[in-house]
Amino acid sequence: MMKTDYQVLVKNMFQHVLLPRDVDAHKGSCGSVAIIGGDESMVGAVLLASRAALFSGAGRVYAAMLSKNAPAVDLNHPEIMMRTPAALVHLKQLDCVAIGPGLGQSIHAIELLISWLTEPLGQSMPMVIDADALNLIAAHAHLAELLKKRHAQTIITPHAGEAARLLGLSSEFVQDNRAEAALKLAKKFNVVCVLKGAGTICAYPDGTCFVNTTGNPALASGGTGDVLTGLIASLIAQGVELGTAAKLGVFAHGLAADNLVAGGIGPRGVVASEVLLEVRNIINQLNQN
């Protein structure tokens, strides 16, 4: 076991990250995000990530789903633009892509992930990789090699089980050595690793490591990880430096849960849709400080 030094994430780190918007700001100047995933029976993951990107300030949000039964519109938030995964390659204005929420393990999912790891658009695009995309990378060595060779900056957002699969270790080892495991992943794939869980870790290839100070068991419900993915991708699209976006996203996501509980909502019964609404409040409060 190696000794790992780390810092903690605190609010004053982020008070000057989000600058006030120009008076002539428009949707094209506020960042464009695409969320890719949503195979059969898992379209909700893409919807939650897309809504989180929308509510945290992205100017344009595209939801691209594999499911043949994907909705043509998000009836709750029709501002989100639905596209097929294939149609995304024609969107020249994209600033960040997140891939993985509800992606599934199909051949189509593998082919889609390969294309985003190898095609020129994907090679040049800041990317957040989550959920099933991480499981595919863990299961297929050629995908892992493609991730290592990516030229653009990348964030991966595994929970302990996904991190264990990526490292070929047990979940118990990851949980007992969280900072070490996150740093191993950051260095192995040359990415920023966000290891989710109590005291979420943000680890960097240079050996820098941060532990989050916000969050509580209210986040222990389905879809909250998808909200984090959409939030981080949105911050990157809005111009926040990728490594800082990981830290700010993690901090704001946890603080949203803390604020909900402080306001008498939860910790039991908090749902991901409530978290993303509170994230909007936090992002705007940080912008004012």
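The values are calculated or read from the model by the stated rules, or taken from the named source; none is laboratory data. Just so it is clear, the structure is predicted and the values come from calculations on it, not from any experiment. Every residue, glycine among them, receives a Cβ derived from its backbone with ideal geometry; neighbour counts consider all protein chains shown. For the accessible areas, the whole protein counts, side chains as well, though only heavy atoms, and no ligand, DNA or RNA atoms are used. Shrake-Rupley method; radii C 1.70, N 1.55, O 1.52, S 1.80 Å.
Compactness of the chain was expressed as the Cα radius of gyration divided by 2.2 N^0.38 Å, which yields 0.92.
Going by accessible surface with a 1.4 Å probe and the largest first, ASP22, ASP95, ASP132 read ASP22, ASP95, ASP132.
Name the shape class, rounded, prolate or oblate, that the alpha-carbon gyration tensor gives for segment 1-131, where a ≥ b ≥ c are the square roots of its eigenvalues, rounded holds for a/c under 1.5, and otherwise prolate holds if a/b is larger than b/c and oblate otherwise.
oblate
Solvent-accessible area of CYS30, all protein chains in place: 10 Å² (probe radius 1.4 Å, heavy atoms, ligands and nucleic acids excluded).
Between ALA220, ALA182, ALA272, the residue with the greatest mean-square fluctuation in the GNM of the chain (Cα pairs under 10 Å linked by springs) is ALA220. Rolling a 1.4 Å probe across all protein chains gives HIS142 an accessible area of roughly 100 Å². Solvent-accessible surface of segment 124-254, taken per residue with a 1.4 Å probe and all protein chains present: 32 Å². Which shape class applies to segment 136-289: rounded if a/c is under 1.5, otherwise prolate when a/b exceeds b/c and oblate if not, where a ≥ b ≥ c are the square roots of the Cα gyration tensor eigenvalues? Prolate, since a/c reaches 1.5 and a/b exceeds b/c.
Pick out, from ASN177, PRO217, ALA272, the residue whose Cα sits farthest towards the positive end of the charge dipole of segment 155-289, with +1 on the Cβ of Lys and Arg and -1 on the Cβ of Asp and Glu. Positive-end residue among those listed: ASN177. What a 1.4 Å probe finds exposed on the chain is 53% carbon and sulfur by accessible area, rounded to a whole percent.
This model, with +1 at the C-beta of Lys and Arg and -1 at the C-beta of Asp and Glu, gives the chain a dipole about its Cα centre of some 280 debye.
How would segment 212-289 be classified by its alpha-carbon gyration tensor: rounded, prolate or oblate, with rounded meaning a/c under 1.5 and the a/b versus b/c comparison settling the rest? Since a/c reaches 1.5 and a/b is larger than b/c, the shape of segment 212-289 is classed as prolate.
Less than 5 angstrom separates the built amide H of LEU9 from those of VAL211, ASN212, THR213, all sequence-distant by 5 or more or on a different chain. Take every Cα pair under 8 Å whose residues are at least 6 apart in sequence, average their separation, divide by the length of the chain, and the relative contact order is 23 percent. Can you grab the distance from the C-alpha centre of segment 203-234 to the C-alpha centre of segment 140-156, Å, no decimals? Centre-to-centre distance over Cα atoms comes out at 20 Å.
Counting only residues at least eight positions apart within a chain, or on another chain, the lysines with an alpha carbon under 29 Å from that of LYS27 are LYS11, LYS92, LYS247.
Dividing the helix sum by the residues of the chain, where each DSSP H run of 4 or more adds -39500 (n - 2.57), gives a mean residue ellipticity at 222 nm of -13000 deg cm²/dmol. Largest mean-square fluctuation among ALA25, ALA34, ALA144, in a Gaussian network model of the chain whose springs join Cα atoms under 10 Å apart, belongs to ALA25.
Toward the positive end of the charge dipole of segment 21-142, with +1 on the Cβ of Lys and Arg and -1 on the Cβ of Asp and Glu, the farthest Cα among GLY104, LEU88, ILE114 is that of LEU88. Partners of LYS184 within straight-line reach, counting aspartates and glutamates whose Cα lies under 18 Å from its Cα and excluding those fewer than 8 residues away in the same chain: ASP5, ASP130, GLU145, GLU162, GLU172, ASP176, ASP206.
When the Gaussian network model of the chain links Cα atoms closer than 10 Å, the mean-square fluctuations of ALA45, ALA141, ALA246 top out at ALA141. Computed with a 1.4 Å probe on the full set of protein chains, the accessible area for GLU40 sits at about 70 Å².
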